[in-house]
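The values are calculated or read from the model by the stated rules, or taken from the named source; none is laboratory data. This structure is a prediction, so every number in the text was calculated from the model and none was measured. Here the Cβ is made from the backbone with ideal geometry for all residues, glycine too, and neighbour counts use every protein chain on show. Note: areas computed on protein heavy atoms with side chains; ligands, DNA, RNA excluded. Shrake-Rupley method; radii C 1.70, N 1.55, O 1.52, S 1.80 Å.
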Amino acid sequence: MTPPLQISEPVAAALADGRPVVALESTIITHGMPFPVNVETARAVEADVAAEGAVPATIAIFDGALQVGLSGERLDWLAGQPEVRKLSRADLAVALVDGAVGSTTVAATMIAAKLAGIEVFATGGIGGVHRGAETSFDESADLGELAQTAVTVVASGAKAILDLPKTLERLETLGVPVIAVGQDALPAFWSRESGLPAPLRIDDPARIAAAHRMRARLGLPGGQLVANPIPAEAEIPADVMAPWIAGALAAAEAEGIAAKAVTPFLLSRIADLSQGAALTANIALVRNNARMAARIAVALAKSPL
Ligand code: PSU
Ligand code: MN
């Protein structure tokens, strides 16, 4: 059985040589940021990975295959298609059979990365348990993916639109290590502090790589969540974010937004309410995460399995 993978030439060459590679997702491009900031950010993130000595592999589906490493032309085209399918674990097989074009969430990107042999992935913030989940049952498939797919995901925690205490509880239940970098607190996406302690802390990317290897030696199937705080100069403190988040949540409720549309709606509304400040912070944090992921990938390449 061969998985439907199309690996770009630079990514395939790096993987064959055991050089560091960092996976990048595409839902952040199609559903996370507006055009043209989305494509500018995607290119900047790829350049950040390369500047740290790793090869970027942006992942999406085209032509009935998981594309690992997108050409510049495809990246440009995809960025102008906000209507493409947002694909998570549940959607991948049908989208591939349909020959659809789609962008991959954290969960789907982890699946593709694992199939391609990529061990590290950078994004902005993972999905998690939504506020009100006790009645809506809305919990991102990203959490279950972290429990079962052995990819280290570098993010600025879970997005602060979520119920962060419940998200942490679920991650603990699922056996996912949540490792803060450089501080004891769990970061909250746009903000450095969530008011919650992170369960684990590692400051050195080489030790994060060592923990990834140790999980394999233990035979543990899942990944790690590396919770990398936004740089201090780019952060928006949580008390400044709070009314914008509340405003966006109220609008989502009033407009009856549900399921896959919730996270894109909230991000876009918060960007508007903050007059672009939240989007600027989102760009800074994802670029910072790309650099950290590349450092982890470089360390992993020095200690192959
Ligand atoms: N990080 C960002 N912006 C995003 C996302 C992550 O900075 O838009 C995307 C990821 O693809 C993640 C998805 O998997 O948001 C979460 O969607 P949901 O809550 O529907 O699972
Ligand atoms: Mn959901």
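Take THR135 and tell me if it is surrounded by fewer than 19 Cβ atoms within 10 Å (Cβ to Cβ) and either part of a helix (DSSP H, G or I) or within 12 Å of ligand 1 (Cβ to nearest atom) (or both).
Criteria met by THR135.
Quick one: would you say ARG201 is open to solvent by less than 70 Å² (accessible area, probe 1.4 Å) and among the charged types (D, E, K, R)?
Against the criterion (open to solvent by less than 70 Å² (accessible area, probe 1.4 Å) and among the charged types (D, E, K, R)), ARG201 does not qualify.
Let me confirm something: among GLY124, GLY182, GLY175, which residue is under 20 Å from LEU267 (Cα atoms) and assigned to a loop (DSSP other than H, G, I, E, B)?
The match here is GLY124.
Here's the yes/no breakdown for (1) within 16 Å of ligand 2 (Cβ to nearest atom); (2) in contact with a Phe, Trp or Tyr (Cβ under 9 Å, 6 or more places away or on another chain):
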site	(1), (2)
GLY64	no, no
ARG74	no, yes
ASP91	yes, no
ILE111	no, no
LYS114	no, no
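Taking only pairs six or more apart or across chains, which ones have beta-carbon atoms under 6 Å, a first residue in segment 14-32 that is over 16 Å from VAL101 (Cβ atoms) and away from ligand 2 (no atom under 16 Å from the Cβ), and a second residue that is in a loop (DSSP other than H, G, I, E, B) and of a type outside the set (A, V, I, L, M)?
LEU15/GLY117; GLY18/PRO304
Among the listed residues GLY53, GLY69, which satisfies the condition of being open to solvent by less than 30 Å² (accessible area, probe 1.4 Å) and within 23 Å of ARG295 (Cα to Cα)?
Being open to solvent by less than 30 Å² (accessible area, probe 1.4 Å) and within 23 Å of ARG295 (Cα to Cα) holds for just one of GLY53, GLY69, which is GLY69.
Taking segment 258-272 on its own, how many of its residues are open to solvent by 40 Å² or more (accessible area, probe 1.4 Å) and under 15 Å from THR30 (Cβ atoms)?
3
Between ALA252, ALA258, which is modelled with pLDDT under 95 and within 13 Å of ligand 1 (Cβ to nearest atom)?
When all the criteria are applied, what remains is ALA258.
If ALA242 satisfies all but one of (1) over 30 Å from ALA210 (Cα atoms); (2) more than 20 Å from the chain's Cα centre (by Cα); (3) open to solvent by 60 Å² or more (accessible area, probe 1.4 Å); (4) more than 16 Å from ligand 2 (Cβ to nearest atom), what's the number of the condition it fails?
(3)
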